[in-house]
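Below: one structure, written as structure tokens.
Values quoted throughout were computed directly from the atomic coordinates according to the rules given, and no laboratory measurement underlies them. Note that the coordinates shown come from a computational prediction; the quantities given were computed from them, not determined experimentally. FYI the Cβ positions are ideal-geometry reconstructions off the backbone, even for glycines, and counts take in every protein chain you see.
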Amino acid sequence: MTRSARPSGLLSRDAPDMPDSPDGPGVPAGRPGRAARLRPAAALAAVGVLLASALAAFLVGAADIPPGKAALQLLDWLPFVSADPGLAPVEQSLLWELRLPRVLLAAVVGGLLASAGAAYQGVFRNPLADPYLLGAAAGAGLATTATVVFTRGDDQSLTIPAAAFAGAIGGVVLAYALGNVAGRGGGTATLVLAGVAVTSFLTAIQTFLQQLRVEELERIYSWILGNVGGGWSQLALVAPYAAVSVTVMLLHGRLLDVLSVGDDEAASLGLNVARVRFTVLLAASLATASAVAVSGLIGFVGVVVPHAVRRLAGGSYRIVLPLSLLGGGAFLVLADLLARTVLAPAELPIGVVTAFVGAPFFVAVLRVTKRTDT
């Protein structure tokens, strides 16, 4: 077959800016092939891992409650099931009011961050992109710091999440607006540079505000390092935003596959590149903002989980997005379990645990990427 007779479109290896996938260098991440659709076995395996992680996190904790009795208590809460675990009311309250909502919140936050990271990687065609790329973390950090510095009162359980949510959205909007003004269309490279500029600017303001109330640094950093112990109220707060953002991202999996071959070729196939990019970034930013609002800044989840899924199951975003959602939940549930138990009765910030796991993984990704490029 001569060069002129080679097929074009999604199967062309000559597409501009074509990213590598786990199937090999030069093969587009969304190319139909070995794993273009999510197989039921893979979905069931991911659900099983998430459920097993959640069950382990519920049964084990810093409190001296035998896992067997905790399991019986969980069964007793199910409809049409009667079990007598023999736990005192205080122990039952601890399981219901603290441990169970914490496990569920960790699963939701982890799923949101991982799926948002996968969506960002699809938009920017870069496996190292994360949900905080466009300034969500810096915006949330600045808004939270300003709330702690300028407001009075010990009960800030509602004001801090609201401020973090607004700040995260504001940071992304500022970066997107700056990228569109500077790049006349918001190309990916321009958006990344805009995100870096906005992050640096907002972080500088946050550092200045921290110096105004040095005595509040402990509260600020406890939020920055992450926590998923907000209870049922925080879970109810994040649920509607999580449902909307995850639904939009999952519905755009096939379009992200098309976008992975490059803007020019995707446009030649009839895709409205700017609209798809804006919609996916909006949904991913909403997911990130809602996660940050109830958990603080938890790093590496949005990089580690999607990349692991891509290596294990294939590069199509119809696979990466749903499996990242489930895998991110399992990852953060296990990370929180370690945070609660390693130094019990003391507790590690969950962001420290994810960084401890994610930093070596990040280095490994860089080494693999370097070998592929050479």
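A few comments on the model shown:
- The single condition from (1) in a helix (DSSP H, G or I); (2) crowded, with 24+ Cβ neighbours inside 10 Å; (3) not polar (S, T, N, Q) that residue 363 fails is (2).
- Of all residues assigned to segment 292-300, at least one qualifies as being in a helix (DSSP H, G or I) and either more than 20 Å from residue 141 (Cα to Cα) or in contact with a Phe, Trp or Tyr (Cβ under 6 Å, 6 or more places away or on another chain) (or both).
- Lone qualifier among 83, 129 - being part of a loop (DSSP other than H, G, I, E, B) and either of a type in the set (Phe, Trp, Tyr) or in contact with an Asp or Glu (Cβ under 7 Å, 6 or more places away or on another chain) (or both): 83
- Qualifying residue in segment 279-301 (condition: surrounded by fewer than 24 Cβ atoms within 10 Å (Cβ to Cβ) and free of Cβ contacts under 8 Å to residues at least 40 places away in the same chain): yes
- Tally of residues being touching a Gly at 6+ places or on another chain (Cβ under 8 Å) and within 22 Å of residue 356 (Cβ to Cβ) across segment 310-326: 1
- All positions within segment 77-122 that are without any contact (Cβ under 8 Å) to a residue 12 or more places away in the chain and out of contact with any helix residue (DSSP H, G or I) (no Cβ under 8 Å at 6 or more places or on another chain): 78, 79, 80, 88, 89, 90, 93
- Here 228, 238, 246 are screened, and the one residue that is of a type in the set (A, V, I, L, M, F, W, C), crowded, with 21+ Cβ neighbours inside 10 Å and in a loop (DSSP other than H, G, I, E, B) is 228.
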